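Before any comments, here is the structure.
The values are calculated or read from the model by the stated rules, or taken from the named source; none is laboratory data. The shown structure was predicted, so the numbers you read here are calculated from the model rather than taken from an experiment. As a convention, Cβ positions derive from the backbone with ideal geometry for all residues, glycine included, and neighbour counts pool all protein chains shown. All accessible areas refer to the heavy atoms of the entire protein, side chains included, with ligands and DNA or RNA removed. Shrake-Rupley method; radii C 1.70, N 1.55, O 1.52, S 1.80 Å.
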Amino acid sequence: MATESSEGEEEGKITGGNHVLIVEDDLRELGKKAAWSVSSCKPGNGVGSLRDDNLETYWQSDGAQPHLVNIQFQKKVKLQLVVLYVDFKLDESYTPSKISIRSGDGFHNLKEIKTMELIKPSGWVYVSLSGNDPRETFVNTFMLQIAVLSNHLNGRDTHVRQIKLYGPRPNPIPHQPFHFTSREFITYSCVR
């Protein structure tokens, strides 16, 4: 359902949402390896609320749009999926309606890779970072920026309840072309 926009980034629409977070086993959560910051926040509703695994708390921006969440890593990571928890039923005009995801080495060279329109989302919203080419299954980056470009009902500030980042799980044996799934298979993975 994604369409190509004139600037070259991918744009799509997402409706609904999932109330249960479901992620494939071959992905791992990478958000804990990053330094998180936001462009602005109301007191008590800061960046910590995005990562506390509590759906009752939320980050609330305080200022002019776009509202930014900056996620910086010490070393380059492979990111495949961004998952946000937003709820139109609870947050109404504070719910994001259009988001942009940007990637780069730092603030100086961020490039927009996805633009998504959210239509009254309620629950976990999945945004794949895969490109149009089937070989582009992930983004290799030092920094990811999530920008809330607009809110539902022309709201000014935004609420985002949770953000999770997922990347491919590394192969337990370096330079091993096969992915063994059990400890017993790994034991017999090399020929003597």
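In the context of the full protein assembly, Val47 retains an accessible surface of approximately 50 Å², using a probe radius of 1.4 Å and ignoring ligands and nucleic acids.
Taking the accessible area of region 13-188, probe 1.4 Å, and keeping the other protein chains in place, the carbon and sulfur fraction comes to 52%. Considering only the other residues whose Cβ falls under 14 Å of the Cβ of Gly44, what net charge follows from Lys and Arg at +1 and Asp and Glu at -1? With Lys, Arg at +1 and Asp, Glu at -1, the neighbours total -3. With protein chains left intact and a 1.4 Å probe, residues in region 13-188 average 54 Å² of accessible area per residue.
Under 5 Å from the amide H of Leu81 lie the amide H atoms of Leu129, Tyr166, each residue being 5 or more positions distant or on a separate chain, with H modelled from the backbone and absent for Pro and chain starts.
Whole-Hz Karplus values for region 27-42 come out as 10, 10, 7, 10, x, 5, 8, 10, 9, 9, 8, 10, 5, 6, 7, 7 Hz, taken residue by residue from phi with 6.51 cos²θ - 1.76 cosθ + 1.60 and θ = phi - 60°; glycine and proline positions read x. Under 5 Å between amide hydrogens, built in the peptide plane, is the criterion, and for Leu149 it picks out Lys98, Ile99, Ser100 among residues at least 5 positions away or on other chains. Beyond 30 Å in Cα-Cα separation lie the following of the pairs Lys33/Lys89; Lys75/Lys114; Lys42/Lys114; Lys13/Lys78; Lys42/Lys78: Lys33/Lys89; Lys42/Lys78.
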